[in-house]
Amino acid sequence: MKDRARVVVIGGGLAGATAAWGLARRGHRVILFEREERPGVHASGRNAGMIRRLVAEPAIATLAREGARLLGEPPADLARVLDAALVRRTGSVLLAAPPEAAALRPALATAQAAGLGAHEADPRACALHGLRPLPGATAFVTPEDGVGDPHAVLSALLRAARAAGARVECDAPARVRAGAAGAVGVETRGERFVPADVVVNAAGPWAEDLARAAGASPPPLSHYRRHLFYTGPLEGIDPDAGWVWDVSQGFYARPESAGLLLCACDEEARPPEDARPDAAAALRLAEKAARAAPRWSEHPVARLWAGLRSFAPDRLFVIGWDAGLRGLFHLTALGGHGLTVSLALAEPVALAVEGRTPAVLAPFAPTRLQAVPS
Ligand SMILES: Cc1cc2nc3c(=O)[nH]c(=O)nc-3n(C[C@H](O)[C@H](O)[C@H](O)COP(=O)(O)OP(=O)(O)OC[C@H]3O[C@@H](n4cnc5c(N)ncnc54)[C@H](O)[C@@H]3O)c2cc1C
């Protein structure tokens, strides 16, 4: 890899923005193309903002801890361009019945060994925003967790990338093309061909189609629509109280704009698309809330929206080189962790693009899932 490689990043969500920042600050010549008129229109602008360190999957937990730390203590070049804090510390509670609690305990031990104050508690001693745990459930409390500001994170990443020399073009749908002599490149508005040493595929739900259309062999991805609901202002909400997630029943709540943000953790398989709310979503929230948070099952919803979460079959991220098309680097399938891990990806992704293999990314290699062309 050249010292100053030409890198095109496709996608202006959190994945693309962190890649552009990580690569530009290491001296590479970066252009980011985003199809929409502005960045962050899809999952990156529609998420719940929860910064969660306690994750059962160890490889994701490592990145989550580092990503959460960096959101609280951004590196100097990111701190210089901030106009808002990236995260607010509130603490968090995961409610887990015995099977899920058993899966979380190794993560808890690792978090404690890393110096976090995470611990188990009696759910009755926690503020639960009306959630009703299953019998025998344990509360996993992480005082360091909090709520991130996805818009602040995305705009800081893009600003820092620009300050380091990256170019960001919106309203620029891109296609990957094989160039002369096996080189890779990107075609965008007006059939303009932009040659590159590396193309970073951070196109979110569209990443698989984008790669396949270029003759690459991307891993299969699935996309699931999830709805979020805002209750409107409520009496007695403490804006600084932590978020609460019942991982056994699939329901979470956190303070938002003097009310609560609620989610029934729905997962409906969808094609890559601009996710719109489903007419029956509020009904499904009410049904789930009747068991998991009865106080909210009859409560009217002031606003709802939907987004897609993209996953590989094993639910690990997809980060690394395509097995078929030289120069194509995938950075996608961040599932429900993309905000938390975003900052932690910048440096290892840049190193990987330079041809090194950071250990932290090894579990996410696309080749674990790709059909290698014969
Ligand atoms: C409802 C919901 C709740 C969530 N809650 C949390 C949470 O609490 N905490 C957390 O950490 N994470 C959460 N997430 C996950 C997080 O939002 C995602 O992991 C992350 O936003 C994925 O970022 P991305 O850049 O990969 O995808 P996207 O944000 O979808 O970005 C992909 C971009 O690529 C662009 N693009 C696609 N094709 C092209 C093309 N051909 N040319 C140019 N541009 C193209 C798209 O327009 C889009 O802007 C949540 C997600 C959802 C949907």
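The values are calculated or read from the model by the stated rules, or taken from the named source; none is laboratory data. These numbers were taken from a predicted model, which means no experiment stands behind them. Here Cβ is always computed from backbone atoms with ideal geometry, including for glycine, and neighbour counts include all displayed protein chains. Protein only, heavy atoms only, side chains kept; ligands, DNA and RNA dropped before computing areas. Shrake-Rupley method; radii C 1.70, N 1.55, O 1.52, S 1.80 Å.
Structure values in brief
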quantity	calculated
Test: residue in region 40-54 that is open to solvent by 60 Å² or more (accessible area, probe 1.4 Å), on the phi < 0 side of the Ramachandran plot and among the β-branched types (Val, Ile, Thr)	no
Residue check, LEU345 within 16 Å of the ligand (Cβ to nearest atom), more than 25 Å from GLY130 (Cα to Cα), within 15 Å of the chain's Cα centre (by Cα) and open to solvent by 10 Å² or more (accessible area, probe 1.4 Å)	no
Of residues in region 1-26 being part of a strand (DSSP E or B) and surrounded by 24 or more Cβ atoms within 10 Å (Cβ to Cβ), the one nearest to the ligand (Cβ to nearest atom)	ILE10
Residues of region 27-65 classified as more than 7 Å from the ligand (Cβ to nearest atom) and part of a loop (DSSP other than H, G, I, E, B), total	9
Residue match in region 170-179 (condition: at positive phi, surrounded by fewer than 15 Cβ atoms within 10 Å (Cβ to Cβ) and in contact with a Lys or Arg (Cβ under 8 Å, 6 or more places away or on another chain))	yes
Failed criterion for ARG309 (all others in (1) modelled with pLDDT under 95; (2) open to solvent by 40 Å² or more (accessible area, probe 1.4 Å) hold)	(1)
Of all residues making up region 201-218, the number that are within 17 Å of LEU14 (Cα to Cα) and in a loop (DSSP other than H, G, I, E, B)	2
Out of ALA241, ALA269, sole residue that is under 28 Å from VAL87 (Cβ atoms) and out of contact with any helix residue (DSSP H, G or I) (no Cβ under 7 Å at 6 or more places or on another chain)	ALA241
Number of the exception - ALA160 against (1) under 15 Å from GLY11 (Cβ atoms); (2) open to solvent by less than 40 Å² (accessible area, probe 1.4 Å)	(1)
Some residue of region 83-102 being of a type in the set (Gly, Ala, Ser) and open to solvent by 50 Å² or more (accessible area, probe 1.4 Å)	yes
Condition check for LEU78: more than 12 Å from the ligand (Cβ to nearest atom), in contact with an Asp or Glu (Cβ under 8 Å, 6 or more places away or on another chain), not in a loop (DSSP other than H, G, I, E, B) and not charged (D, E, K, R)	no
Enumeration of residues in region 219-265 that are of a type outside the set (S, T, N, Q), open to solvent by 30 Å² or more (accessible area, probe 1.4 Å) and in a loop (DSSP other than H, G, I, E, B)	PRO220, PRO233, LEU234, GLU235, GLY236, ILE237, ASP238, PRO239, ASP240, VAL247, ALA258
Hey, PHE251 in contact (Cβ under 8 Å) with a residue 24 or more places away in the chain and away from the ligand (no atom under 13 Å from the Cβ) or not	yes
Flag if ALA302 is over 25 Å from HIS28 (Cβ atoms), exposed (fewer than 15 other Cβ atoms within 10 Å of the Cβ) and more than 12 Å from the ligand (Cβ to nearest atom)	yes
Cross-chain or 6+ apart pairs with Cβ under 8 Å, region 97-120 first and over 10 Å from LEU54 (Cα atoms), then open to solvent by 60 Å² or more (accessible area, probe 1.4 Å) and among the hydrophobic types (A, V, I, L, M, F, W, C)	ALA97/LEU134
